[in-house]
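Asker: Please read through the structure below; I'll follow up with questions.
Every number here is computed from the coordinates shown, using simple stated rules; none is lab data. Since we're looking at a predicted model, the values are computed, not measured. Cβ atoms come from the backbone with ideal geometry, glycine included; neighbour counts cover every protein chain shown.
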Amino acid sequence: MTAIPQITLKPLKWTPHLPPVEMADATPRQLAAMQVTPSAKKVSAYVRTLAHDPDSYVARTTLFNAIMYAQDGLPREDRELGALGASLINGCRYCANVHARQHARLSGSTAVISALYAGRRDGLSERDAAILTFAEALTATPPTADASHIAALRDAGMDDVQITDLIHAIAIFGWANRLMHPLGHSD
Amino acid sequence: MTHRPDAISLAAGLANDSPLHTVRSFRPEFVEGAQACRAAVLTPEDDLGLNPELRNAIARRVALGADNPELLSGYPMPKTAELAALAQGRIVTTPALIALAHHTDMIAANPGKATAADLNTLQQVGYSTAQIVALSELLAYVCFQIRVAHGLKLLERTK
C-alpha cells in the first residue's frame, strides 16, 4: 500500500449564531454555572452561549468531564477516537477538528487521523478500526451497532468497563455535536 | 447489592441481576451524571418558560426514533391533544410547535444539516435565545440516552 501523507490540523474558530451571555449581564446562576466572576474576561463564546440555560450547562459539563477525563478504564486517546467518529458522522467539523488534534496529542502520532482524513481505513490498526466502526454505527439514527461490533471490540482486548467507557464517549459527542454545529459555525 | 433503577438502566432493559450493574458501578459518576442531566433538561429549577409537559413531549418525539419501547415508556403521553400530537411524531398545527417539531426531527436525525436559518425560524415563531439553547440541550440529551441504552443493551445481550 502507498504511504499515507501525515497531516497537521489547524485549530478552527467557533462563532455562535445567537448572542452569547455578556458577562456584565449574567445572572448569579449563569455566573455560578460558568464558575467565574463578572470581572473575568476570557470565557469562551461557546460556554457563554450555553450559559443561557445554566441548569443544563452545569449538569452536562459535569457528565462530559467525567466521561472524557475519568481515570483508568479506556485509554483517553480511544475515547477521543470515539468522539471523533461521532463528530464526523454528525457533521460537526469543529468537534472533529478539536478531537482529532486531541487524539494526535494523546497518542503522540498523527497516523490515525491522517489515515482517517485521507479515507484510508487500511491504515488503521484492527483496534482503531473496531473503535471507529462502532462509533459510526452507534451514532447513526437510529443506531445500527450490533453484536458484531461488540465482538470486534472484545477481540481487540477491550473489557466491559472499557466498552462502557467507549459507549459513553460516543454518546456524549452525539450530544455535544448537536449543540456545537447547530448553534454556531466554524472557520 | 440493591439499586434503584436509573433512567438509562431502564431504557437499556437491564435485568435486576444483570452483571452490567457491577460494570456500571465502576463509573457512578456516569450513572449519577446522566440522572442529573435528565432532571436538568426535563424538570430544571428554572424552566425558562418551557414547561415540563412540553419538554416531555419533545423528548418523547425524539425517543420515537430509537425503536426502544423501554426508553419510550420513560416519557409519558401528554394529556393535551396538541402536545400528544407532538409527542407521537404527528403533524402539529400551531406555528410555534410546527417549527419546533421540524427542528427536533432534523437535529435528532441529521444535525449536520442545521444552519443559522433554522435558528432564525425558531426565533420568528417566538422562541428566545435561552429557550433555543434549552431545547437544543433537551433533544440532544435524548439522543445521548438512546445511544447509551443501545450500547448497554448490546453488551448485555452478548455476554
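Asker: Near B:Asn56, within a Cβ-to-Cβ distance under 13 Å, what is the net charge of the other residues, with Lys and Arg +1 and Asp and Glu -1?
Answerer: That sum, taken over residues with Cβ under 13 Å, equals +3.
Asker: Oh, and also: Going by amide H atoms built from the backbone, whose H comes under 5 Å of the H on A:Cys92, apart from near neighbours?
Answerer: none
Asker: Based on the Cβ-Cβ distance from A:His185 to B:Ile98, what FRET efficiency comes out when R0 is 35 Å, to the nearest 0.05? The partial results should precede the final answer.
Answerer: Details: r = 25 Å, r/R0 = 0.72.
Taking R0 as 35 Å, the efficiency between A:His185 and B:Ile98 is 0.90.
Asker: Restricting to Cα atoms and excluding each atom paired with itself, what does the Kirkwood estimate give for chain B in Å?
Answerer: After inverting the pairwise mean of 1/r, the radius is 16.5 Å.
Asker: Tell me what chain A gives for mean residue ellipticity at 222 nm when only DSSP H runs of n ≥ 4 count, each as -39,500 (n - 2.57), the sum divided by the residue total, rounded to 500 deg cm²/dmol.
Answerer: Values: 9 runs with 112 residues, N = 187.
-19000 deg cm²/dmol, from helical runs alone.
Asker: Using the Cα centre of the protein assembly as shown as origin and beta-carbon charges of +1 (Lys, Arg) and -1 (Asp, Glu), tell me which of B:Gly89, B:Val41, A:Ala96 is placed farthest towards the positive end of the dipole.
Answerer: A:Ala96
Asker: Can you give the charge dipole size of chain A about its Cα centre, rounded to the nearest 20 debye, using +1 on the beta carbon of Lys and Arg and -1 on the beta carbon of Asp and Glu?
Answerer: Taking the Cα centre of chain A as origin, the dipole is about 740 debye.
Asker: Hey, got the dipole for chain B? About the Cα centre, +1 on K and R Cβ, -1 on D and E Cβ, debye to the nearest 20?
Answerer: With only Lys, Arg, Asp and Glu charged at Cβ, the dipole is about 440 debye.
Asker: List every residue whose amide H lies under 5 Å from the amide H of A:Ala145, counting only residues 5 or more places away in sequence or on a different chain, with H placed 1.01 Å from N in the peptide plane.
Answerer: A:Leu138
Asker: Quick one: if you stick a label point 7 Å off each Cα along the C-beta vector at B:His21 and A:Arg127, how many nm between them?
Answerer: Going from the B:His21 label point to the A:Arg127 one covers 3.3 nm.
Asker: Once a ≥ b ≥ c are taken as the square roots of the eigenvalues of the Cα gyration tensor of segment A:77-187, is the result rounded (a/c under 1.5), prolate (a/b larger than b/c) or oblate (a/b not larger than b/c)?
Answerer: Verdict is oblate for segment A:77-187.
Asker: Which entries of A:Lys10/A:Lys42; A:Lys10/B:Lys153; A:Lys13/B:Lys113 have Cα-Cα distances beyond 30 Å here?
Answerer: A:Lys10/B:Lys153
Asker: What is the set of long-range amide H partners of A:His185 at a cut-off below 5 Å, with H atoms built 1.01 Å from backbone N?
Answerer: A:Thr15, A:His17
Asker: Ok, one more. Express in whole angstrom the spacing between the alpha-carbon centres of segment A:153-187 and segment B:1-69.
Answerer: Taking the Cα centre of each part, segment A:153-187 and segment B:1-69 sit 17 Å apart.
Asker: Report the label-to-label distance for A:Ala111 and A:Lys42 in nanometres (one decimal), using points 7 Å from each Cα along the Cα→Cβ vector.
Answerer: 3.5
Asker: Once the other residues with Cβ under 12 Å from the Cβ of B:Gly13 are scored (Lys, Arg +1; Asp, Glu -1), what is the net sum?
Answerer: So the surrounding residues net to 0.
Asker: Modelling each spin label as a point 7 Å along the Cα-to-Cβ direction, I'd like the B:Gln124/B:Asp47 distance in nm, to one decimal.
Answerer: So the label points at B:Gln124 and B:Asp47 sit 2.8 nm apart.
Asker: Counting only C-alpha contacts under 8 Å and six or more residues apart, can you give the relative contact order of chain B as a whole percent?
Answerer: Result for chain B is 32 percent.
Asker: Which order do the peptides B:23-36, B:139-152, A:48-61, A:154-167 come out in when sorted by mean C-beta neighbours inside 10 angstrom, highest first?
Answerer: Numbers: B:23-36: 17.6, B:139-152: 26.1, A:48-61: 24.4, A:154-167: 19.6.
Output ranking for B:23-36, B:139-152, A:48-61, A:154-167: B:139-152, A:48-61, A:154-167, B:23-36.
Asker: Convert each backbone phi in segment B:43-58 into a coupling constant with the Karplus relation 6.51 cos²θ - 1.76 cosθ + 1.60 (shift: θ = phi - 60°), then list the ³J(HN,Hα) values in order as whole Hz, x for Gly and Pro.
Answerer: Going residue by residue, I get 9, x, 4, 10, 7, 6, x, 10, 6, x, 5, 5, 4, 4, 5, 5 Hz, with x marking Gly and Pro.
Asker: Once whole DSSP H runs in chain A are found, which of them have Cα atoms spread over 24 Å or more along the helix axis and a mean Kyte-Doolittle score of at least -0.5?
Answerer: A:160-183
Asker: If you wrap a convex hull around the C-alpha atoms of the protein assembly as shown and split its volume per residue, what is the figure in Å³?
Answerer: Given the Cα convex hull of the protein assembly as shown, per-residue volume reads 141 Å³.
Asker: In square nanometres, what is the average projected area of the Cα convex hull of chain A? Spell out each step's value before the answer.
Answerer: Details: hull surface 46.8 nm².
Here the figure is 11.7 nm², rounded to one decimal.
Asker: Express in whole angstrom the spacing between the alpha-carbon centres of segment B:86-159 and segment A:1-24.
Answerer: 24
Asker: Here's something else I'd like to know. Rounded to the nearest 500, what is the 222 nm mean residue ellipticity of chain B from helices alone, with -39500 (n - 2.57) per DSSP H run of 4+ residues and division by all residues? Could you put the intermediate results ahead of the total?
Answerer: Numbers: 9 runs with 102 residues, N = 159.
-19500 deg cm²/dmol, from helical runs alone.
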